[in-house]
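For reference, the structure discussed in these notes is given below.
The values are calculated or read from the model by the stated rules, or taken from the named source; none is laboratory data. Nothing here was measured: the structure is a model prediction, and the numbers come from that model. All Cβ positions, even for glycine, are placed from backbone atoms using ideal geometry, and neighbour counts span all protein chains on display.
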Amino acid sequence: MSSISHHDRQTTSLANKIQEVTGVALQNCYQCGKCAAGCPVAGDMEMPSCQVLRLLQYESPDYDRRVLESESIWLCLSCDTCHSRCPQTINTPKVMYFLREEAVRQGLAHPKSKDAQAFHKAFLGSVARHGRLHEIGMLMNYKVRTGHLFQDMTLGSKLYQKGKLELLPHGVKDKAAVKKLFKRTTGNKE
Amino acid sequence: MSRLGVFVCHCGENIGATVDVTEVAERCKHMPGVAHAEDYKYLCSNPGQNKIKQAIEEHQLDGVVVAACSPRMHEPTFRRAVTDAGLNAYMCEVANLREHCSWVHEKADSTTEKAIDLVRLQVEKVKRNKPLDTIQVPITRSALVIGGGIAGIQAALDIADSGHKVIMVERSPALGGHMAQLSETFPTLDCSQCILTPRMVDVSRHPNITLLTYSEVEHVEGFIGNFKVAIRKRARMVDEDLCTGCGECLQKCPTKNVADSFNEGLSMRRAIYVPFAQAVPNIPVIDTENCRKFQGKKCDRCAKACPTKAIKFDQKDQIINVEVGAIVVATGYQVMGTERFPEYGYGTYPDVITGLQFERYASASGPTQGVIKRPSDGKEPETVVFLACSGSRDAAKGVKYCSKICCMYTAKHAMLLKHKNHHAKAYVFYMDIRSAGKNYDEFVRRAIEEDGVKYIRGRVSRIYEEDGKLIVKGADTLLGGEPVEIKADMVVLASAALPNHGQGELAQKLHVGTDPYGFVAEAHPKLRPVETTSAGIFLAGACQSPRDIPETVGQASAAAAKVTALLSRSHLAREPLVAEVNRKPAPQFSDCTGCLLCETACPYQAIGHEEIKDRNGNVLKTVAKINPGLCQGCGTCVSLCRTKAIDLHGYSNEQIFAEIMSL
């Protein structure tokens, strides 16, 4: 057989890793642009989702790097509009999540992604400790990590008055199980 | 003792590379009953066939085994060759050394051994072959055309013009199909009805065509050349012989609020109606679901108005039985409705319409006499957005395939809008422009270059209403996926073409195959495009897959040519490989005990029974009898018969057992 099939694509490409890890086949995208058309943040992205997928389709190291260094992958809200409307049922949010993880792994994450990364860490840290989210603890952690100490303070006090924020954490009973869960999924990194 | 000839073919390298062909021929020479054996490079070639003929004469052969490719490929070739040399065609058998041996095994001694075994089987069979003669089946020299759109009209006219009788069945009350609904046609912009209606009249006036409108195929049995079809002629409640088409009744009907399906629901009609002004036949129909009389109310205004007393409220459906030799399926398509698109409003926005509805607005015979208006408030839209690929090429929610006609009619729609309203703005969202066809791409370019239609490459994600406008949210992939938002007055969906409703049931009645989408399947995608999987049943037009008018007409004429070729013969030659109930001398007469289990088991209704009588007419025995014209040689009765009274010619029990025992 002389034609190039998906069996003999270069194995190190990002597209290949994505298919392996998330099961999303990027070659199915036929660039109709319906994802970008419905995306609430497409206007803020330097390249909208359809272009991210297009660059990945090339399977070239340069384009892969351009995607990982982009801010776009950090702007995705995971609202799933693109996925639910995609005529080819491509799970773009799943791809975006993978790309963020990969960007962090390779140290290529966009400088503006710091806040998002801090939030992820604060959120997961809280869950790891208590087995469920402790909002105030997480907020404090986030503020310390980012230095946005006084951001949204008025909103915070309103939330507190309405009883949405608890001072002390309410942990789950079996914390060992949570620890085990985290160990298994993260390989004991965090 | 028989004198057989064995001819082993190398098939170039196809057999020769893995099977030792010379060895096969050599070993065959020593098989009992074989008088001659040889091998040759290409037996199907002329010199190869001549070798067989010469050998038959030279060695006085009475049977031939050709060891070559599949009998599907060249059995007719070799049978013709032995007939030329004076043998009966059925004294020649083919051992399949290519598909069953050389192609599926490596080169080895065991492969050659298997090839020899395959030849031995056929040698044992041919020894027991009996000369058979082809069965001549008479052909009913008339055709049935199902569907009265442009495909059916063209096929019916072509068949009728060649001198054969045609029965045409149309489900709706009038001929014309979707083509009658169209305004102008691409790429010439000539009026669709103007070119169609003369053909409709031709059909109704043709001496060879019997037109049955408001009728459906109820039941089909039989086979190529001899179909028996029951047609349900639904009650019109109007006597077709008495009605003069004056239209008095239509004016008097008090029910005025029935959605007009000819106008795609964009206008209202009465309960007694003629679908459109030029309808053929011009005879009204009473829609019993909406007529007051049939809802138990007192009303007979139409009957009172009728000057010829043609209204018959007590008319009943009629079943008409016809016999035909060939059938043409021309049942067309339907379009996907707007309710199938959640992100475009689930059909709740009145100003989101289908392409077919736009055709009705653009048509001079439509609800607005050709002025393009929007359904919600009847205003002329200033900005119209056309969405190509609505439902097509959408594996997730629509259909996977390309509906083929949408690119062209969308360009036409945008063009018509600009021609009728010079200030209007037309936007087309598209994925690809598929305009292959004579003068097609020029037509699309004309829409863009001369009429200023704006083409935007991208799919639309969502449509919603805001301040009396439809907000169309798309993206321009040629600008790197930049979001585009258009405030439109009307949106036209070029919605996917689907198999017509009822297509599946009809396919079952006809025993024709369908593709995964439900379209009628062709016998071969390239070489037999107008034949179905059932012999004697042909297809034309969009029932096979979406297609435009020129293609449909071409295909209909092709189907008609196939039908006339079939009907030009008085008899059809069939293979004599049929089952027969044996006969024996008196007093046994036959092994058949007359249990007639076979009669009910036969899938082709080919088995009946006969009475064996003495000279005085007394019945001595009742035995099964197989009609060789209907028998397809499937062998069901053979395996079922408890007394082994039935045998299949060409595949008798004796032959099969001899083959097995030779191994």
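Can you find even one residue in the range B:133-152 that is in contact with a strand residue (DSSP E or B) (Cβ under 6 Å, 6 or more places away or on another chain), crowded, with 18+ Cβ neighbours inside 10 Å, closer than 21 Å to B:Thr18 by Cα and modelled with pLDDT of 95 or more?
no
With the condition kept exactly as written, say whether any residue in the range B:436-447 is within 14 Å of chain A (Cβ to nearest Cβ) and touching a Lys or Arg at 6+ places or on another chain (Cβ under 9 Å).
no
From the residues in the range B:448-464 that are surrounded by fewer than 19 Cβ atoms within 10 Å (Cβ to Cβ) and more than 14 Å from chain A (Cβ to nearest Cβ), which one is nearest to B:Val428 (Cα to Cα)?
Result: B:Lys454.
Given the structure, is A:Ala37 assigned to a helix (DSSP H, G or I) and surrounded by 20 or more Cβ atoms within 10 Å (Cβ to Cβ)?
On the way: assigned to a helix (DSSP H, G or I): yes; surrounded by 20 or more Cβ atoms within 10 Å (Cβ to Cβ): yes.
When the stated conditions are applied, A:Ala37 passes them.
When you scan the range B:563-663 for helices (runs of 4 or more DSSP H) that lie fully inside it, which ones turn up with 1 or more residues that are surrounded by fewer than 14 Cβ atoms within 10 Å (Cβ to Cβ) and aromatic (Phe, Trp, Tyr)?
Numbers: elements: B:597-601, B:636-640, B:653-661.
Where helices (runs of 4 or more DSSP H) fall fully within the range B:563-663 and carry at least 1 residues being surrounded by fewer than 14 Cβ atoms within 10 Å (Cβ to Cβ) and aromatic (Phe, Trp, Tyr), they are B:653-661.
Among the listed residues B:Ala174, B:Ala115, which satisfies the condition of being crowded, with 22+ Cβ neighbours inside 10 Å and closer than 30 Å to B:Val217 by Cα?
B:Ala174
If the requirement is being in contact with a Ser or Thr (Cβ under 7 Å, 6 or more places away or on another chain), at the interface with chain A (Cβ under 10 Å from one of its Cβ atoms) and buried (at least 24 other Cβ atoms within 10 Å of the Cβ), which of these qualifies: B:Gly481, B:Gly474?
Only one candidate passes the filter, namely B:Gly474.
Among the numbered conditions (1) within 14 Å of another protein chain (Cβ to nearest Cβ); (2) touching a Lys or Arg at 6+ places or on another chain (Cβ under 7 Å), tell me where A:Asn91 comes up short.
(2)
Residues to consider are B:Lys114, B:Lys107; find the one that is part of a helix (DSSP H, G or I) and more than 21 Å from B:His649 (Cα to Cα).
B:Lys114
State the number of residues belonging to the range B:484-518 that are in contact with a helix residue (DSSP H, G or I) (Cβ under 8 Å, 6 or more places away or on another chain), surrounded by fewer than 23 Cβ atoms within 10 Å (Cβ to Cβ) and of a type in the set (A, V, I, L, M, F, W, C).
Count: 1.
Between B:Ala601, B:Ala559, which is over 26 Å from B:Ala521 (Cα atoms) and touching a helix residue (DSSP H, G or I) at 6+ places or on another chain (Cβ under 7 Å)?
Just a single option satisfies the conditions, and that option is B:Ala601.
Identify, from the list B:Lys404, B:Lys397, the residue that is more than 26 Å from B:His423 (Cα to Cα) and within 12 Å of another protein chain (Cβ to nearest Cβ).
B:Lys397
Find the strands (runs of 3 or more DSSP E) located wholly in the range B:1-90 whose residues include 2 or more that are assigned by TED's automatic domain parsing to the domain that holds B:Trp103 and small (Gly, Ala, Ser), and list them.
B:34-40, B:63-68
Each row is one residue, and each column tells you yes or no for (1) assigned to a helix (DSSP H, G or I); (2) touching a strand residue (DSSP E or B) at 6+ places or on another chain (Cβ under 7 Å); (3) more than 30 Å from B:Gly458 (Cα to Cα); (4) away from every other protein chain (no Cβ under 14 Å).
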residue: A:Phe98; (1), (2), (3), (4): yes, no, no, yes
residue: A:Ile136; (1), (2), (3), (4): yes, no, yes, yes
residue: A:Arg145; (1), (2), (3), (4): yes, no, yes, yes
residue: A:Ser157; (1), (2), (3), (4): yes, no, yes, yes
residue: A:Leu165; (1), (2), (3), (4): no, no, yes, yes
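Identify the residue in the range B:612-657 that is within 15 Å of B:Ser590 (Cα to Cα) and without any contact (Cβ under 8 Å) to a residue 24 or more places away in the chain and, among all such residues, is nearest to the chain's Cα centre (by Cα).
B:Ile612
I'd like to check something: does the range B:376-393 contain any residue that is crowded, with 22+ Cβ neighbours inside 10 Å and of a type in the set (Asp, Glu)?
no
Tell me which of these B:Asp467 doesn't satisfy, since it passes every other one: (1) of a type outside the set (Gly, Ala, Ser); (2) touching a residue at least 12 places away in the same chain (Cβ under 8 Å); (3) within 30 Å of B:Asp377 (Cα to Cα); (4) more than 14 Å from every other protein chain (Cβ to nearest Cβ).
Tallying (1) of a type outside the set (Gly, Ala, Ser); (2) touching a residue at least 12 places away in the same chain (Cβ under 8 Å); (3) within 30 Å of B:Asp377 (Cα to Cα); (4) more than 14 Å from every other protein chain (Cβ to nearest Cβ), B:Asp467 fails exactly one: (2).
Which residues, taken from the range A:70-88, are more than 14 Å from chain B (Cβ to nearest Cβ), surrounded by fewer than 20 Cβ atoms within 10 Å (Cβ to Cβ), on the phi < 0 side of the Ramachandran plot and in contact with a helix residue (DSSP H, G or I) (Cβ under 7 Å, 6 or more places away or on another chain)?
A:Glu71, A:Trp74
Out of the residues in the range A:11-47 that are within 14 Å of chain B (Cβ to nearest Cβ) and in contact with a His (Cβ under 9 Å, 6 or more places away or on another chain), state the one that is nearest to A:Asp80 (Cα to Cα).
Here the residue is A:Cys35.
Can you find, within the range B:184-225, the residue that is nearest to the chain's Cα centre (by Cα) among those that are buried (at least 22 other Cβ atoms within 10 Å of the Cβ) and part of a loop (DSSP other than H, G, I, E, B)?
Among those residues, the one meeting the criterion is B:Gly225.
Just to be sure before I move on: is A:Leu55 touching a Phe, Trp or Tyr at 6+ places or on another chain (Cβ under 6 Å) and within 14 Å of chain B (Cβ to nearest Cβ) in the structure I sent?
Against the criterion (touching a Phe, Trp or Tyr at 6+ places or on another chain (Cβ under 6 Å) and within 14 Å of chain B (Cβ to nearest Cβ)), A:Leu55 qualifies.
Would you be able to say whether some residue in the range B:356-367 is within 32 Å of the chain's Cα centre (by Cα) and free of Cβ contacts under 8 Å to residues at least 60 places away in the same chain?
No.
For the range B:329-353, name all the residues that are outside any loop (DSSP other than H, G, I, E, B), surrounded by 21 or more Cβ atoms within 10 Å (Cβ to Cβ) and within 29 Å of the chain's Cα centre (by Cα). Full working, then the answer.
So the first thing to find is which residues in the range B:329-353 are outside any loop (DSSP other than H, G, I, E, B), and the list is B:329, B:333-335, B:338-340, B:342-344, B:352-353.
Restricting the remaining residues to those that are surrounded by 21 or more Cβ atoms within 10 Å (Cβ to Cβ) gives B:329, B:333, B:335, B:338, B:344, B:352-353.
Residues satisfying the conditions are B:Val329, B:Tyr333, B:Val335, B:Thr338.
Determine, yes or no, whether A:Leu53 is surrounded by 22 or more Cβ atoms within 10 Å (Cβ to Cβ) and either touching a residue at least 40 places away in the same chain (Cβ under 8 Å) or touching a Ser or Thr at 6+ places or on another chain (Cβ under 6 Å) (or both). Break it down stepwise before answering.
Working: surrounded by 22 or more Cβ atoms within 10 Å (Cβ to Cβ): yes; either touching a residue at least 40 places away in the same chain (Cβ under 8 Å) or touching a Ser or Thr at 6+ places or on another chain (Cβ under 6 Å) (or both): yes.
When the stated conditions are applied, A:Leu53 passes them.
Output the residues belonging to the range B:356-368 that are outside any loop (DSSP other than H, G, I, E, B) and of a type in the set (S, T, N, Q).
Hit for the range B:356-368 is B:Gln357, nothing else.
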